[in-house]
Each structure stands twice: as C-alpha cells, then as structure tokens.
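J.: Attaching a single structure in structure tokens format; questions to follow.
The values are calculated or read from the model by the stated rules, or taken from the named source; none is laboratory data. On a predicted model such as this, the values are computed, not experimentally measured, just so you know. Using ideal geometry, Cβ is built from the backbone for each residue, glycine included, and neighbour counts are taken over all protein chains shown. SASA here: full protein model, heavy atoms, side chains in, ligands and nucleic acids out. Shrake-Rupley method; radii C 1.70, N 1.55, O 1.52, S 1.80 Å.
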Amino acid sequence: PPRARHRRFGCTACGVEAHGGTATAPHDWQAGIGRVDDLLTSYREAIESLFARTTGGIKPGLERTKELLARLGDPQKKLNAIHVAGTNGKGSVVATCEALLRWRDLRVGRYTSPHLIDFRERITVDGKPISEADVLAFLERWIGTAEELGATFFEVTTALAFDWLAKQNVDVAV
C-alpha cells in the first residue's frame, strides 16, 4: 500500500525498500550513536526525501542549478575551486589534490560522488564530513525551493556542497 507523504519533506517512498534494497540503509545505522532521536528521525527523513529526487531521470541544462545557487546568494563565487572532470580517475585525482593541498596547510573542502557508506562523505572539510545537523538545516530551508524549481538530487546536493563549503571558509574546494 502507498505510504503517506512526510509532512515536512514530501517523501512518498521512504526507506530502503523504496530503493530496491532489503538491508538497513547506511545512513540509518551510520547516524545512530549518541544522537537525539528527533535529529535522527529528521535527518533520515531528509536524506530519504533527497534520494527521492533521483527518480526523475536526467534533466539536461544548468538552469535549475544556476537558479538555486542564485537564491542561495551564489556561494560558488566565494570559492577557489579545482574542478576535476573526465571519464576515469577522478576519485584518485581528487584524493591526491586534497592530500597535497592539506600538506601545504591549506583548509580544503571536497565534494565528490558517489558515497560509499554515508551521504555525508560526499562533502568534507579537511577530511571531516558535513554534520547531520547542517545537512538537515539546509534541506529544511531549501527543499521547497528545489521542488519548485524541479531540481534533481545532484543539483540539490551540489548546491548544498557549494553553500556549506563557502560557509566553512575553505582555502580551496576540490
């Protein structure tokens, strides 16, 4: 039977079952130690709502991303960034860049995908992932705008990364 939409995040297909799996989702068990239950529930719901945005297929164009970033105050313009692109080896190049920049005592932000265990691995500063509270605060504030614009999972996640890395005053983002 269909589930009701969550009152805050509008997630209709929440839980691992909705993503084709049967095991406990990594973000469920990864988040579980020493946190307030309310934050855990809200964080899990927010992440499930975000992942629900992966079902819309590919949407070419930068219009939605540009508009979402504009509404955020264009945080990407506050960053010195190294953009790694290509078919193969991006993860290795990013890891090497981050290590070399940190060796030079620079504060380094990193945005990568996909994650292996926890969504927060995608966005780090000096190897420390974004907090659940920061992810939750961003999504609570901006998920409505993302829905209004029709922004995809990747577009929302990219905006989150730019916004958080700019607020962290990193020397370089990779």
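J.: Could I have the simple spin-label model distance between Arg104 and Ala133, label points 7 Å from Cα toward Cβ, reported in nm to one decimal?
T.: About 3.3 nm, to one decimal.
J.: Next up: Please give, to one decimal in nm, the separation of the simple spin-label points placed at Asn80 and Thr96, each 7 Å out from Cα toward the Cβ.
T.: 2.1 nm
J.: Decide, for segment 97-137, between rounded, prolate and oblate: order the square roots of the alpha carbon gyration tensor eigenvalues as a ≥ b ≥ c, take rounded if a/c falls under 1.5, and otherwise choose prolate if a/b is larger than b/c, else oblate.
T.: Details: a/c = 3.24, a/b = 1.72, b/c = 1.88.
Oblate.
J.: Still on this structure, please answer the following. Rg/Rh for segment 44-90: what does it come to with C-alpha atoms and Rh from Kirkwood? Please report the intermediate quantities before stating the final value.
T.: Working: Rg = 14.2 Å, Rh = 13.7 Å.
Value, to two decimals: 1.04.
J.: Could you give the Stokes-Einstein D for segment 63-115 in µm² per second, using the C-alpha Kirkwood radius, 4 °C, 1.567 mPa s? Walk me through the intermediate numbers first.
T.: On the way: Rh = 13.0 Å.
For the chosen part, D equals 100 µm²/s.
J.: Under a 1.4 angstrom probe, counting protein chains only, how are Asp163, Asp134 ranked by accessible area, largest first?
T.: Values: Asp163 15, Asp134 65 Å².
The ordering from most to least exposed comes out as Asp134, Asp163.
J.: Applying a 10 Å radius around every beta-carbon, put 58-65, 106-113, 155-162 in order of their mean neighbour count, most first.
T.: 155-162, 106-113, 58-65
J.: What translational diffusion coefficient, to the nearest whole µm²/s, does segment 80-165 have by Stokes-Einstein, given a Kirkwood radius computed over alpha-carbon pairs, a temperature of 25 °C and 0.890 mPa s viscosity? All intermediate terms of the calculation are to be shown ahead of the outcome.
T.: Working: Rh = 13.9 Å.
The estimated diffusion coefficient comes to 176 µm²/s.
J.: Give me the percent of the accessible area of segment 57-174 that comes from carbon and sulfur atoms, probe 1.4 Å, all protein chains in place.
T.: Details: 3540 of 6450 Å².
Carbon and sulfur atoms account for 55 percent of the accessible area of segment 57-174.
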